[in-house]
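A.B. asks: Encoded as C-alpha cells, here's the structure I'll be asking about.
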Amino acid sequence: MEIQQLFDFLARSVSPFHAVQTAAGLLDAAGYARLEEAGYWNLEPGHGYYTTRNESSLIAWRVPAHGIGGWRIAASHSDSPAWRIKNADLPAAGCLRLNVEGYGGMIMHSWMDRPLSAAGRVLVRNEADGTLESRLVNLDRDLLVIPSLAIHMDRTVNDGHKYNPQVEMQPLYGPAGARPFAALVAQAAGVDPADMVDWDLSLYTRQAPTRIGPDGEWFLSPRIDDLECAATTLYGFLEAASETDSACAPVWAMFDNEEVGSSTRQGAASAFLRDVLDRILDAVPHSAQAMQRALANSFVLSADNAHATHPSYADKSDPANPVRMGGGVVVKVNASQKYTTSGLTGAIFKEICRKNNVPVQQFANRADLPGGSTLGNLLSHTLPVPMVDIGLAQLAMHSAVETAAVADADAMVRAVAGFYRVHLRALGDGRYTLE
C-alpha cells in the first residue's frame with residue numbers, strides 16, 4: 001500500500017459518517033454491492049457485498065464459492081474523540097460561539113489555537129414526498145478556533161491546568177451579527193435552513209496528513225486512532241479478496257462509538273455483526289449446524305492502535321515490552337482481559353505474520369498502571385470465537401493530531417492480507433493448522 005492511499009482515507013474521513021462513505025467508495029470500486037438492512041438479501045457465491053447501520057458502521061463480506069465453513073473477520077472502529085456540536089450562535093463578549101460537548105477521552109489542550117471545521121450529517125425534511133433524508137456535510141474550510149487564555153492572565157498555565165470544557169473549550173465562530181452557522185450547514189447540504197430538522201455534527205482539525213522525519217519515516221495526522229487500522233485492514237481485505245480460503249467467508253467490519261463504550265446499536269457491543277452473519281447463512285444453502293460449526297472454525301482480528309513507548313515518558317511503559325514506531329504490527333495482551341489475546345490466538349497471529357515476513361511486537365501495560373480497552377472483548381459478547389487484539393504503534397493517542405510510522409501501515413496490510421489467505425483449521429484440543 002502506498003502511504004498516500006492511507007493519507008487520502010484519513011483526510012476524507014472527517015467524521016464516522018464520512019469514514020463509512022470513504023470505505024463504501026473503495027468497496028464500490030472493487031465491485032462490492034451495497035445491501036440495505038431493511039431489504040431482501042439475495043447472495044451469490046463468489047460475490048462481495050456490504051451493508052451499513054446508522055451510516056456510521058459498515059460490514060463487508062464475500063460469499064465463498066462453496067458452503068460457509070467459517071468466518072475470517074477483521075474489525076476496527078470509525079470514531080475518534082471529538083467535540084459534538086449541540087447549539088450554534090451563542091453570544092459571548094461581542095462574539096458568537098458554538099455550544100459543544102466532548103465525545104470520548106481526548107487531550108483537550110491539543111484542540112486549542114488551531115484551525116477547525118465541522119462535518120457530519122444533517123437530517124432534512126422533504127416536503128414534496130413527506131420524507132426525512134440524511135445528507136453528509138463537510139464545511140471544509142478554516143472556520144473555527146478554541147482560543148487559549150493569554151499567559152499574562154494565567155501565569156500558572158504551564159504548571160498544570162485542569163480544563164473546564166463548558167467554559168474553556170467552546171469554539172469561537174465569528175463576530176456578533178455574523179451569518180448564522182446553520183446557514184453554512186444548509187448551504188453545504190444544498191437545502192434551505194428551514195428544512196433542516198436535526199444534525200449529528202462534530203468539530204475536526206484541519207491539519208492534513210503529512211510525513212515527518214529526515215526521510216519521511218513518520219507521519220502526523222488527525223484520527224490515526226483508529227482510522228489507520230480501519231484503512232489498512234480494509235486494504236488487506238481487498239488485496240486478498242480473490243485468494244481467500246474457499247471454505248471461509250472473509251468479513252471486514254468498522255464499528256462506531258468505540259470511544260464511548262460501543263454500547264449502541266451500531267457499536268461493537270451490539271448484535272450488528274451477528275445479525276449480518278446470521279443473514280448471510282440464511283441466504284445461502286447450509287446445514288442445521290452450520291452456524292455453530294462456522295463459529296468454531298472462525299477467527300477475529302480486533303484492530304485498534306497501540307501505544308508506542310514515549311521517548312520522554314519511557315517510565316509509563318512496561319520495560320520488558322517496549323513498542324516502537326516502525327517495529328511492525330503490535331499484539332496487545334492484558335491479564336484482566338481488556339484485550340482478547342490469549343497465548344493461543346497470539347501464537348496463531350504471530351505465525352501468520354511469520355509466514356508473510358511481517359515484523360511483530362508486543363504491548364502490555366505496566367503492572368501498576370491500568371490500560372484502556374477496545375472493541376474485541378465487547379464484540380465477543382455476541383460472537384464467541386477466538387480473537388486477537390492487534391494495532392499499530394503511535395504517540396499522542398487521543399490528541400487532535402497524532403504520530404505514527406509509515407512502514408507500519410504497509411506491515412498491517414500485508415499481515416491482514418495474509419490472515420485472509422491462510423487456510424486456518426481448528427482440529428480440537430487447542431490444535432490448529434495453518435496452510
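A.B. asks: I want the local charge near P322. Using Cβ-Cβ distances under 13 Å, sum +1 for each Lys or Arg and -1 for each Asp or Glu among the other residues.
C.D. replies: On the way: positive: K316, R324, R366; negative: D315, D318.
With Lys, Arg at +1 and Asp, Glu at -1, the net is +1.
A.B. asks: If I build a Gaussian network model for the chain, linking alpha-carbon pairs within less than 10 angstrom, which residue out of A303, A183, A269 has the largest mean-square fluctuation?
C.D. replies: The residue that fluctuates most here is A183.
A.B. asks: On a 0 to 90° scale, report how tilted helix 272-283 is relative to the longest principal axis of the chain, with both axes built from alpha carbons and the result rounded to the nearest 10.
C.D. replies: 40 degrees
A.B. asks: Tell me, what HN-Hα J-couplings in whole Hz come from the Karplus equation 6.51 cos²θ - 1.76 cosθ + 1.60 at θ = phi - 60° for each residue of segment 370-380, using x for Gly and Pro?
C.D. replies: x, x, x, 10, 9, 7, x, 5, 6, 4, 5
A.B. asks: Relative to the longest principal axis of the C-alpha atoms of the chain, give the angle of the C-alpha long axis of helix 343-355, reported between 0 and 90° and rounded to the nearest 10°.
C.D. replies: The angle comes out at about 90 degrees.
A.B. asks: Can I ask one more? So what is the accessible area of segment 9-137 per residue, in Å², with the probe set to 1.4 Å? Kindly include the intermediate steps, with their values, before the conclusion.
C.D. replies: Values: 5090 Å² over 129 residues.
Normalised by residue count, the accessible surface of segment 9-137 is 39 Å².
A.B. asks: Over segment 192-292, with the other protein chains present, what is the accessible area per residue in square angstrom, probe 1.4 angstrom? Could you put the intermediate results ahead of the total?
C.D. replies: Values: 3830 Å² over 101 residues.
Heavy-atom SASA per residue in segment 192-292 reads 38 Å².
A.B. asks: Also, quick follow-up: For segment 1-69, which chymotrypsin sites (Phe, Trp or Tyr not before Pro) are in a loop by DSSP, counting at most 11 other Cβ atoms within 10 Å? Each step should come with its number before you reach the end.
C.D. replies: Working: sites: F7, F9, F17, Y32, Y40, W41, Y49, Y50, W61; in loops: Y32, Y40, W41.
The qualifying sites are Y40.
A.B. asks: How many lysine pairs are close in the chain, with Cα atoms under 27 Å apart and the two 8 or more places apart or on different chains? Present the calculation step by step, with values, prior to reporting the outcome.
C.D. replies: On the way: K86/K162; K162/K316; K316/K332; K316/K338; K316/K350; K332/K350; K332/K355; K338/K350.
Here the count comes out as 8.
A.B. asks: Take the chain, connect every pair of alpha-carbon atoms lying under 10 Å apart with a spring to form a Gaussian network, then pick out the residue of Y103, Y163, Y420 with the largest mean-square fluctuation.
C.D. replies: Y163
A.B. asks: What is the distance in Å between the Cα centres of segment 230-292 and segment 107-135?
C.D. replies: 28 Å
A.B. asks: Using a Gaussian network for the chain with springs between C-alpha atoms less than 10 Å apart, which of these wobbles most: A230, A188, A417?
C.D. replies: A188
A.B. asks: What do you get for the angle between helix 224-239 and the principal long axis of the chain? Use alpha-carbon atoms, 0 to 90 degrees, nearest ten.
C.D. replies: 40 degrees
A.B. asks: While we're on this one: Within the accessible area of segment 159-303, what % is carbon and sulfur when the probe is 1.4 Å and the other protein chains stay in place? Present the calculation step by step, with values, prior to reporting the outcome.
C.D. replies: Values: 3010 of 5900 Å².
Its accessible area is 51 percent carbon and sulfur atoms.
A.B. asks: Would you rank E259, E239, E435 by solvent-accessible area, highest first, keeping every protein chain in place and using a 1.4 Å probe?
C.D. replies: Details: E259 30, E239 85, E435 145 Å².
So the residues, ranked largest to smallest area, are E435, E239, E259.
A.B. asks: Could you tell me which of rounded, prolate or oblate describes segment 378-435, using a ≥ b ≥ c as the square roots of the eigenvalues of the alpha-carbon gyration tensor, with rounded for a/c under 1.5 and, failing that, prolate when a/b is larger than b/c and oblate otherwise? Don't jump to the answer; show the numbers that get you there.
C.D. replies: Values: a/c = 3.67, a/b = 1.71, b/c = 2.15.
Because a/c hits 1.5 or more and a/b fails to exceed b/c, segment 378-435 counts as oblate.
A.B. asks: If you don't mind, another one. Per DSSP H run of n ≥ 4, the term is -39500 (n - 2.57); total these for the chain, divide by its residue number, and report the mean residue ellipticity at 222 nm rounded to 500 deg cm²/dmol. It would help to have the intermediate numbers written out before the result.
C.D. replies: Values: 10 runs with 105 residues, N = 435.
Calculated from helices alone, the mean residue ellipticity at 222 nm is -7000 deg cm²/dmol.
A.B. asks: Pairs of alpha-carbon atoms within less than 8 angstrom and 6+ residues apart define the contacts here; what relative contact order does the chain have, in percent? Mind showing how you got there, number by number?
C.D. replies: Working: 952 pairs, mean separation 93.6, N = 435.
Reported relative contact order: 22 percent.
A.B. asks: Shifting gears a bit: Taking segment 33-68, which GluC sites (Glu not before Pro) meet the DSSP loop condition and have no more than 10 other C-beta atoms within 10 Å?
C.D. replies: Answer by residue number: E36.
A.B. asks: Could you sort V251, V360 by their accessible area in this structure, using a 1.4 Å probe and putting the largest first?
C.D. replies: V360, V251
A.B. asks: Another question, if that's okay. Sort I146, I151 from largest to smallest accessible area, using a 1.4 Å probe on the heavy atoms of the protein chains.
C.D. replies: Working: I146 0, I151 70 Å².
Output order, biggest surface exposure first: I151, I146.
A.B. asks: Take the alpha carbon gyration tensor of segment 56-205, find the square roots of its eigenvalues, order them as a ≥ b ≥ c, and report rounded if a/c is under 1.5; if not, report prolate when a/b exceeds b/c, else oblate.
C.D. replies: Oblate, because a/c is 1.5 or more while a/b does not exceed b/c.
A.B. asks: A further question follows. Report for segment 7-92 the percent antiparallel among DSSP-assigned beta bridges with both residues inside it, nearest 5. Numbers along the way, then the final one.
C.D. replies: Numbers: 6 of 8 bridges.
Percent antiparallel among DSSP bridges in segment 7-92 is about 75.
A.B. asks: Separate question: Need one value: the accessible area of T340 in square angstrom, 1.4 angstrom probe, rounded to the nearest 10.
C.D. replies: Using a 1.4 Å probe on the heavy atoms, I get roughly 30 Å².
A.B. asks: Which percent, nearest 5, of DSSP beta bridges in the chain are antiparallel?
C.D. replies: Working: 56 of 79 bridges.
Of those bridges, close to 70 percent are antiparallel.
A.B. asks: Grab the other residues whose beta carbon is less than 12 angstrom from that of E402, score K and R as +1, D and E as -1, and report the net.
C.D. replies: Numbers: positive: R223; negative: D225, D226, E228.
For residues surrounding E402, the net value is -2.
A.B. asks: Follow-up question, since we're still on this one. Just check the chain against the gyration tensor rule for me: Cα atoms, a ≥ b ≥ c as the square roots of the eigenvalues, rounded for a/c under 1.5, and otherwise prolate or oblate depending on whether a/b exceeds b/c.
C.D. replies: Details: a/c = 2.17, a/b = 1.33, b/c = 1.64.
Judged from the Cα gyration tensor, the chain comes out oblate (a/c at least 1.5, b/c at or above a/b).
The values are calculated or read from the model by the stated rules, or taken from the named source; none is laboratory data. Note that the structure is a prediction, hence the values are computed from the model and not measured. Here Cβ is always computed from backbone atoms with ideal geometry, including for glycine, and neighbour counts include all displayed protein chains. Only protein heavy atoms, including side chains, enter the accessible area calculation; ligands, DNA and RNA are left aside. Shrake-Rupley method; radii C 1.70, N 1.55, O 1.52, S 1.80 Å.
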